[in-house]
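Undergrad: This is the structure, below, for whatever I ask next.
Bear in mind that the values in this text are calculations on the coordinates, not laboratory data. Quantities reported herein were computed from a predicted structural model and do not represent experimental measurements. Note: ideal-geometry Cβ built from the backbone for every residue, glycine included; neighbour counts use all protein chains shown.
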């Protein structure tokens, strides 16, 4: 069965998802919506889709699912709207910046028996997936410590920072989800520190660009998350998991995996420049998982509750930072 899809939002992440849809023989991009007509037209023309407004997509009989890539403050309203319209929903993180609003939204999703997947694409990265499979196979014994390194190559625009919800809800939230995914236990304590080391003016926006978070489970397992908005050497994405019998790590990826040896020494290509290229395979696998769950009637993962749980960790990190104390959940 071909899944007929509409994409809401033709910006950077909408383009990434459109590429994944276009590359999937079992998916068809039927419609694109964006308040900026030029962006919608460019994306629609690329994939042979129509430009439609929200109301038309909502009532369309030729659309099975929507992918929500609009600004964060529209996510919860759109999820509720399309849940009531009987469409399957894929939504980029977060559902909302308010945990209370997320809970209300998920209540509607449950009442409508709607299918909702949240875009934590890193769960579907083949390298992180292999790391998770190694843990599940017991090869390194019981997980004891996890270190997640996630550093962006540069700061986003100040206009974006001002509406992003802050580094914990915007950037670290991916790492909170990955920590939950790998730990195998829920986090019961959060301790965070942060600073504005890249650009001190970010403090005027009540945000930070450098952060460290320590998560602890009830059994004592630990996950440390290292974030920075400045990595001069590329998009830094690594995970190390230490267990009772050994260790497994997922290293940084490069566009090509070669090493050159000359009289000047050994050199390797630079890292990917950002998520659009680093996680191409993850976005494709994510869409495949969404489609498979819809076709098979299987449980969708990550779901709305996963989105809420990651947001709760982000809120706890912010509270920890402001109080200087570890926050118990």
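Undergrad: Which whole-angstrom value gives the distance between the alpha carbon centres of segment 9-48 and segment 182-253?
TA: 32
Undergrad: How high is the relative contact order of segment 3-114? Use alpha-carbon pairs under 8 Å, at least six apart in sequence, and give a whole percent.
TA: 25
Undergrad: For Cα extents along the principal axes in Å, the listed values are (i) 85, 63, 40; (ii) 55, 53, 46; (iii) 60, 41, 38; which was obtained by calculation from the structure presented?
TA: (ii)
Undergrad: Any idea how far apart residue 305 and residue 103 come out in nm if each label point goes 7 Å out from Cα toward Cβ?
TA: 1.5
Undergrad: Please arrange 272, 158 by how many other C-beta atoms lie within 10 Å of their C-beta, fewest to most.
TA: Going from least to most buried by this count: 158, 272.
Undergrad: Based only on other Cβ atoms within 10 Å, what is the fewest-to-most ordering of 74, 210?
TA: 74, 210
Undergrad: Between residue 39 and residue 185, what is the label-point separation in nm under the 7 Å Cα-to-beta-carbon projection?
TA: 4.3
Undergrad: Pairs of alpha-carbon atoms within less than 8 angstrom and 6+ residues apart define the contacts here; what relative contact order does the chain have, in percent?
TA: Rounded, it is 20 percent for the chain.
Undergrad: Per DSSP H run of at least 4 residues, take -39500 (n - 2.57); add these up for the chain, divide by its residues and hand me the 222 nm value, nearest 500 deg cm²/dmol.
TA: -11500 deg cm²/dmol
Undergrad: What is the angle, in °, between the Cα long axis of helix 99-111 and the longest principal axis of the Cα atoms in the chain? Nearest 10 is fine, range 0 to 90.
TA: Approximately 50 degrees, to the nearest ten.
Undergrad: Place a label point 7 angstrom from the Cα of residue 326 along the Cα-to-Cβ direction, then list the residues of segment 180-217 whose backbone nitrogen is under 15 Å away.
TA: Answer for segment 180-217: 187-193, 213-217.
Undergrad: Would you kindly state how much longer the chain becomes between residue 26 and residue 56 on full extension, computed as 0.36 nm times their sequence separation minus their alpha carbon distance, in nm to one decimal?
TA: Full-extension gain reported as 8.5 nm.
Undergrad: Then there is this: Could you put 242, 17 in order, starting from the residue whose Cβ has the fewest other Cβ atoms within 10 Å?
TA: So the residues, fewest neighbours to most, are 242, 17.
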